[in-house]
Amino acid sequence: MSTISRRNFLKTSIIGGVAVTCLDPVRTFASYADQNSLASQVGLTTGNNRADLAFRALQPFSKQIRQAIGEKLVVLKPNNVSIEIQLAATHADTLEGVLEFLKSINKLKNVVIAESAAAGPTFDGFSNFGYNRVAGKYKVKMVDLDQEKYDIIHVFDEKDFRPHAVRMSHMLLSPDSYVVSVARMKTHDRVLATLSLKNIVFGAPIKDIGFAYGPKRKEGTKIDKPIVHGSGIRGINYNLFAMASLLHPDLAVIDGFEGMEGNGPNNGTPVDHRVCVASTDWLAADRLGIELMGIDFANVGYLNYCAQSNMGVADLSKIEVIGEPVDRHIKKYQLSRNLENQLLWMKPLS
């Protein structure tokens, strides 16, 4: 690192340049040019039933998803950034829609719902949000990633420009997993919006058993999630981009039935939007999600980095939307109060 100046670090770094140790062969992806013709298709549904929206958004990809799963472990990764605030977390009905879809393609026998909740015990969040009912109905296992095997990944920190070790979920990194990001459409206080990719990248860092913010925290426990935030706006955008090569979802489901605007990802207010987005091209799904939220895509740093590196399709003219017309369902979400600070990623380091 001593031979690379602060000014040209991001320019000269390459995707995959973040050090990886103690890993089995990890999940990789082909460039868009190597993907099949379905990679740029995105399902968009609307209606009054959350589970039905997810089910119908996934249906156009039935054959492709069934083939891609094969004998892999199917990992449904909800967003539990909070274990108490339902608006901030994936709804049980969305999980039910995804599970019903997997049942319809005969891929329900090897499925888990897995998360490392950000703010407290994972199973507390599962219970609070009604995941127990859904898991029981479809006879799938619920997994606390904090209690499972992990690998060591090194990420960037903009304060010292050095690699920092992070414990990351082996299940989410494994090439034997088919990872489904079951995300919620929300604004964010550091990267404008949190959709399918961010749900996986920031769910992967684990925490010690007994860790919780506040007085419930067990002495001596720690959490690795803040390390990936990179100590600033440049750091978090770069780490999301760099980790995408290892931690991208194989399938993106974005629930916008009731989105969150304002001071997300925890403290925003509801948006009655009634849409759902699904795709096997996670970048195309996130790009469409940004459009539906009325956000200027040029302002979302990490997704622009991913687009420039051909991780998927981000050009709307090359995305085939199956279902609803996009322009009829755009709602301009109010962004976080600190928007100006979130755009620092665009500015060169002094």
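The values are calculated or read from the model by the stated rules, or taken from the named source; none is laboratory data. For clarity, every value in this text was computed on a predicted model and none was experimentally measured. With ideal geometry, Cβ positions are generated from the backbone for all residues, glycine too; neighbour counts draw on all protein chains shown.
Overview of results
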| item | result |
| --- | --- |
| Checking Arg190 against (1) within 12 Å of Val155 (Cβ to Cβ); (2) over 13 Å from the mean Cα position of the chain (by Cα); (3) touching a residue at least 24 places away in the same chain (Cβ under 8 Å), the condition it does not meet | (1) |
| Filtered residues of segment 120-142 (kept if of a type in the set (A, V, I, L, M, F, W, C), buried (at least 21 other Cβ atoms within 10 Å of the Cβ) and under 19 Å from the mean Cα position of the chain (by Cα)) | Phe126, Phe129 |
| Val253 being modelled with pLDDT of 95 or more, within 23 Å of Ser174 (Cα to Cα) and in a strand (DSSP E or B) | yes |
| Among the residues listed as Leu283, Leu288, the single one being touching a strand residue (DSSP E or B) at 6+ places or on another chain (Cβ under 6 Å) and assigned to a helix (DSSP H, G or I) | Leu288 |
| Pair list, Cβ under 6 Å, 6 or more apart: segment 146-157 residue more than 15 Å from Gly203 (Cβ to Cβ), other residue of a type in the set (Asp, Glu) and in a loop (DSSP other than H, G, I, E, B) | none |
| Any hit, segment 208-226, residues being outside any loop (DSSP other than H, G, I, E, B) and among the aliphatic types (A, V, I, L, M) | yes |
| Subset of segment 90-140 (residues that are in a loop (DSSP other than H, G, I, E, B) and within 20 Å of Gln64 (Cα to Cα)) | Ile105, Asn106, Lys107, Leu108, Lys109, Asn110 |
| Boolean, Gly230 is assigned to a helix (DSSP H, G or I), modelled with pLDDT of 95 or more and more than 14 Å from the chain's Cα centre (by Cα) | no |
| Residue identified as out of contact with any Phe, Trp or Tyr (no Cβ under 7 Å at 6 or more places or on another chain) and closer than 22 Å to Met311 by Cβ among Val182, Val191, Val143, Val134 | Val182 |
| Residue under evaluation Ser350, criteria (1) in contact with a helix residue (DSSP H, G or I) (Cβ under 6 Å, 6 or more places away or on another chain); (2) among the polar types (S, T, N, Q); (3) at pLDDT below 95, criterion not met | (1) |
| Neighbours by Cβ (under 6 Å, 6+ apart or cross-chain): first from segment 297-315, without any contact (Cβ under 8 Å) to a residue 40 or more places away in the chain; second in a helix (DSSP H, G or I) and not basic (Lys, Arg) | Phe297/Ile290; Ala314/Leu283; Ala314/Ala307 |
| Scope segment 23-63; condition surrounded by fewer than 16 Cβ atoms within 10 Å (Cβ to Cβ) and either more than 25 Å from Cys306 (Cβ to Cβ) or modelled with pLDDT of 95 or more (or both); matching residues | Gly47, Asn48, Asn49, Ser62, Lys63 |
| Hey, Asp272 on the phi < 0 side of the Ramachandran plot, touching a helix residue (DSSP H, G or I) at 6+ places or on another chain (Cβ under 9 Å) and not small (Gly, Ala, Ser) or not | no |
